[in-house]
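The values are calculated or read from the model by the stated rules, or taken from the named source; none is laboratory data. Fair warning: this is a prediction, and the values are worked out from it, not measured in the lab. FYI the Cβ positions are ideal-geometry reconstructions off the backbone, even for glycines, and counts take in every protein chain you see.
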Amino acid sequence: MDHENQPETAGAAKAAMTGANGTSGGANEAASTNGGATSGGATSGANEASASAEELELETIKQELAQAEASLETDFAKYAAAHMEAFEQDFWDDREAFVKKILELQNQFLQDKLGGKIQRAKELQTTIAGQQTTKDMQAGQEAFLQKNPEADIEAMGRFYTEDLPPKYRQQLDSLSGEEFWNVLYELYNAYTNGVAQQEEPLPKRVEGNPAQAGGGSQEMVMNRF
């Protein structure tokens, strides 16, 4: 299950970064300002209510599927008996074709009876997992800001979306909660410090070889990450 949820984690991380840039925060408005704990309160409550409704719907579908499974064989027998008139002669003439037709009927029966419910259950599971991941990211951001009130979430968001190389972003997306923000902050600080060093006038002794002066801070932290 953890492997299945990793894309959700990545999606929530990207959504949080989008919210930090002020474009489409949606459920992640907490990422748009350093006061995320305040602005995200009502949103978090709405998310919890929404998740509860969807969890209730998912539980209802699971019960319906369990009930359907209990009578599946009997229901299919009735369904097959009502639909096999067109090929029942194959039972005598071509047994293999007859069995294939029965299997086709079975697949159609399962799709008609259960297909929609199974698909809806999968959609609900994905949505619920995504909402939980988003709430974990919001809680992690609030905990991070309590320990690092000076952090500029909007600037970190721009760094995440515009400057962080994809391979490091992918690794960062595998983290969750406060750990995500802590590592992002470390990378952001290393990047901004490296940029500041590049913008400073070079000492005369290194003017002839500027390549040695650039990118060292970012690269060291990236390699450690």
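Summary of computed values
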| read-out | value |
| --- | --- |
| Cross-chain or 6+ apart pairs with Cβ under 8 Å, region 153-170 first and buried (at least 20 other Cβ atoms within 10 Å of the Cβ), then not in a helix (DSSP H, G or I) | 153/33; 153/34; 157/21 |
| Any hit, region 83-97, residues being at pLDDT 95 or above, surrounded by 15 or more Cβ atoms within 10 Å (Cβ to Cβ) and farther than 24 Å from residue 176 by Cβ | no |
| Matching option when the condition is over 24 Å from the mean Cα position of the chain (by Cα), within 30 Å of residue 185 (Cα to Cα) and not acidic (Asp, Glu), among 146, 131 | 146 |
| Subset of region 106-149 (residues that are of a type in the set (A, V, I, L, M) and under 30 Å from residue 183 (Cα atoms)) | 128, 129, 137, 139, 143, 145 |
